[in-house]
1. Could you order S88, S19 so the one with the most accessible surface comes first? Probe is 1.4 Å.
2. Measuring with a 1.4 Å probe in the full set of protein chains, what accessible area per residue, in whole Å², belongs to the chain?
3. Per DSSP H run of n ≥ 4, the term is -39500 (n - 2.57); total these for the chain, divide by its residue number, and report the mean residue ellipticity at 222 nm rounded to 500 deg cm²/dmol.
4. Could you report the accessible area of R18 in Å², rounded to 10, computed with a 1.4 Å probe on the protein chains as they sit in the structure?
5. Probe radius 1.4 Å, ligands and nucleic acids ignored: give me the carbon and sulfur share of the accessible area of the chain as a rounded percent.
6. Report the Cα-based extents of segment 19-93 along its three principal axes, largest first, to the nearest Å.
7. Which sequence of L69, L62 reflects their accessible areas, 1.4 Å probe, from the largest down?
Amino acid sequence: MNDDTTARDPTTDRDAMRSRILAFFQREIQDRRTVLTLDMPTDAVTIDSIDIARVLFRAEELYGGEIHLTAEMSFATVGDLVDAVIDSLQPTT
């Protein structure tokens, strides 16, 4: 089954969410030869705001919520960005 169509489970553990969102970013990065890791510095990755928006939309669809990140936020590592996506995920009402 495609990871975009799996059932929405609010009890999904954080490690599984991190892996899935990291995979979303992996598909969107500019340099397809780069293999993302959670400890990779964000300045070592070429990803633009449109790519990030695509990842946010996919995560919102998958987890059934809304993600609120601000332009002022900065992330030292890819893992920090992934965690911010998870932490900002708010259920839609």
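1. The ordering from most to least exposed comes out as S19, S88.
2. Counting only protein heavy atoms, the per-residue value for the chain is 63 Å².
3. One gets -14000 deg cm²/dmol as the mean residue ellipticity at 222 nm.
4. The accessible area comes out at roughly 60 Å².
5. Accessible surface attributable to carbon and sulfur in the chain totals 53 percent.
6. Computed over segment 19-93, the largest-to-smallest principal extents equal 39, 23, 21 Å.
7. L69, L62
The values are calculated or read from the model by the stated rules, or taken from the named source; none is laboratory data. Note that the coordinates shown come from a computational prediction; the quantities given were computed from them, not determined experimentally. Remember, those area values only see protein heavy atoms, side chains included, never the ligands or the DNA or RNA. Shrake-Rupley method; radii C 1.70, N 1.55, O 1.52, S 1.80 Å.
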